[in-house]
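Everything on this sheet refers to the single structure shown next.
The values are calculated or read from the model by the stated rules, or taken from the named source; none is laboratory data. Keep in mind that this is a model prediction, so the values were computed, not measured. Neighbour counts run over all protein chains shown; Cβ positions are idealised from the backbone, glycine included. Each accessible area value is taken on the protein alone, full model and side chains, heavy atoms only, with ligands, DNA and RNA left out. Shrake-Rupley method; radii C 1.70, N 1.55, O 1.52, S 1.80 Å.
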Amino acid sequence: MPETPELNSPLPAEAYEEQRRKGFRWLRFGTELEQRYQRSSSSLVEYQTNVALVVGLGIWLAFLALDYVRWQAWPDIHAWPIEMWKIVVIRTVVLACLATCTLAMLQKEPLFDRRRVTAGILCMVSLASCLINALYGQLGVMQEVGGLLLLIIALFLPMGLRLKECMGLALISVAMVLILSVLMPLSSPTAQPARLAISMLIAAALGTLSAYQREYGLREQFLLRAELECMARLDVLTGLLNRRAFNEHLGLALASARREGKQVALMLIDVDHFKLYNDAFGHAAGDQALQTLAPVLKSLCGRPLDHAARVGGEEMCVVLYDVHPQHLEHLCRSLLDRVDALALSHGASPSADRISVSAGCTLSLAEDDAQSLYRRADQLLYQAKHRGRNRACTDQAQDVLPSRLSDNKGLQAPSSSETPSKASA
């Protein structure tokens, strides 16, 4: 299944909760959730397929041993009927195919599509089993009823096939029994293909019920596990990444940037005079203000490796992947303009008439790790606070102001020769 970039970005816990509430009686999620489920289960399916191939190879060898016991009734190999030689050829061809496919699938990087190979093997084994059963019937030997029922059960084992595909293979097997009973008349008077077909259909019905319940449980576990993982990674109030997830993502983004020769931009953001806002309007209003600011930060994240996080209190940050130095000023002004456009009144603020933010924005260097990059962004953030707030300080000397205030000379930054000091929150 082709992987889209959107699959690398986390979904909110509400998406998984909504799918659980809607249900999935047809064993199908929405498009994006279905892709995520298939991707998450691919490694388990790979292991299960390998185990099933090895077990199937062993079972086929066991039936070959049973054939050898039956063949003792014809001690003279030269007097074997043509049906016996057909059985030998079928057993040998299927054994060779099973062994080859097993070896191919056990490779670290299989050469063939796993689902197609699995479906092909099961179809081949079904046809071979039905043919052998019909050939033994022509010889007057008791048919392998148990073998065919075992085959039907095996079709519903977890091997990466969808339930509809397993049901289709089971019905094909039943149809082959009936078709071969017409094309190859049986010499045994006890042979009853119709009764065998009914037994196979019953086995298919039981297999379908079992497989449905198993996959339903797996899908429900996937939704619950993903929802819990989201709750562990996301800040409950804002829906942004929490501090732990931010640290993990920043390290991964920097490692990827070093491999690909890119730069990562880190924007460390603090709401100006947030304590005064809480004191004036209450903590509930402060929480609502943070919730309103969160979508602004998310709107800056347009790529799979871009993420916004709340790292503590009113302090938030944005990680942007593959940012060119000439674009950093535009990103900072975009942030300040979008916050300014919210027009959230903040009469208690001594620096603005509405809620504003200060930001420190820096670009990663080749030798940077998460700590050094964060430390540099933190220094720039406090520099922005020292220079009057409602602005962003970057690695470049010029401060970035909101467009509404950029022409106001009274708000121009002081000279860069001034030593910044940590301003109070």
Exercise. When residues of the stretch 139-190 are filtered for being open to solvent by 40 Å² or more (accessible area, probe 1.4 Å) and modelled with pLDDT of 85 or more, how many remain?
Worked result: 11
Exercise. Hey, among SER345, SER358, SER351, SER372, which residue is of a type in the set (Ser, Thr, Tyr) and open to solvent by less than 20 Å² (accessible area, probe 1.4 Å)?
Worked result: SER358
Problem set entry | Yes/no for ASP287 being within 21 Å of CYS393 (Cβ to Cβ) and among the charged types (D, E, K, R) | no
Problem set entry | Condition met for VAL69 (of a type in the set (A, V, I, L, M, F, W, C), modelled with pLDDT under 90 and over 24 Å from GLY137 (Cα atoms)) | no
For this session: Identify all residues within the stretch 191-245 that are crowded, with 19+ Cβ neighbours inside 10 Å and of a type in the set (D, E, K, R); write none if there are none.
Result: ARG219, GLU227, ASP235
Problem set entry | Among residues of the stretch 139-161, those that are in contact (Cβ under 8 Å) with a residue 60 or more places away in the chain and on the phi < 0 side of the Ramachandran plot, counted | 8
Exercise. Quick one: what pairs do we get from the stretch 17-43, first residue within 11 Å of GLU220 (Cα to Cα), second small (Gly, Ala, Ser) and outside any helix (DSSP H, G or I), C-beta under 7 Å, 6+ apart or different chains?
Worked result: GLN19/GLY30
Problem set entry | Failed condition for LYS385, given (1) modelled with pLDDT under 90; (2) farther than 19 Å from PRO325 by Cβ; (3) touching a strand residue (DSSP E or B) at 6+ places or on another chain (Cβ under 7 Å); (4) of a type outside the set (A, V, I, L, M) | (1)
Problem set entry | Yes/no for PHE156 being closer than 30 Å to SER40 by Cα and in contact with a Gly (Cβ under 7 Å, 6 or more places away or on another chain) | yes
Problem set entry | Contacts under 8 angstrom Cβ, first residue in the stretch 115-138 being more than 13 Å from VAL174 (Cα to Cα) and open to solvent by less than 20 Å² (accessible area, probe 1.4 Å), partner polar (S, T, N, Q) and in a helix (DSSP H, G or I), 6 or more apart | THR118/THR49; GLY137/SER181
Exercise. Somewhere in the stretch 346-355, is a residue among the hydroxyl-bearing types (Ser, Thr, Tyr) and under 25 Å from ALA253 (Cα atoms)?
Worked result: no
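Please indicate, with yes or no, whether at least one residue in the stretch 174-187 is under 14 Å from SER126 (Cβ atoms) and not hydrophobic (A, V, I, L, M, F, W, C). Spell out how you get there, then give the answer.
We begin by selecting, within the stretch 174-187, every residue under 14 Å from SER126 (Cβ atoms); these are 174-180.
Then drop every residue that is not not hydrophobic (A, V, I, L, M, F, W, C), which leaves none.
Within the stretch 174-187, none of the residues are under 14 Å from SER126 (Cβ atoms) and not hydrophobic (A, V, I, L, M, F, W, C).
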Exercise. Of all residues in the stretch 279-313 being farther than 16 Å from CYS332 by Cα and assigned to a strand (DSSP E or B), which is least open to solvent (accessible area, probe 1.4 Å)?
Worked result: ALA309
For this session: Determine which single condition GLU32 fails, assuming it passes every other condition in (1) open to solvent by 30 Å² or more (accessible area, probe 1.4 Å); (2) within 30 Å of GLY146 (Cβ to Cβ); (3) not polar (S, T, N, Q).
Result: (2)
For this session: Scan (1) open to solvent by less than 70 Å² (accessible area, probe 1.4 Å); (2) under 25 Å from LEU149 (Cα atoms); (3) modelled with pLDDT of 85 or more; (4) out of contact with any helix residue (DSSP H, G or I) (no Cβ under 6 Å at 6 or more places or on another chain) for the single condition ARG91 breaks and write down its number.
Result: (4)
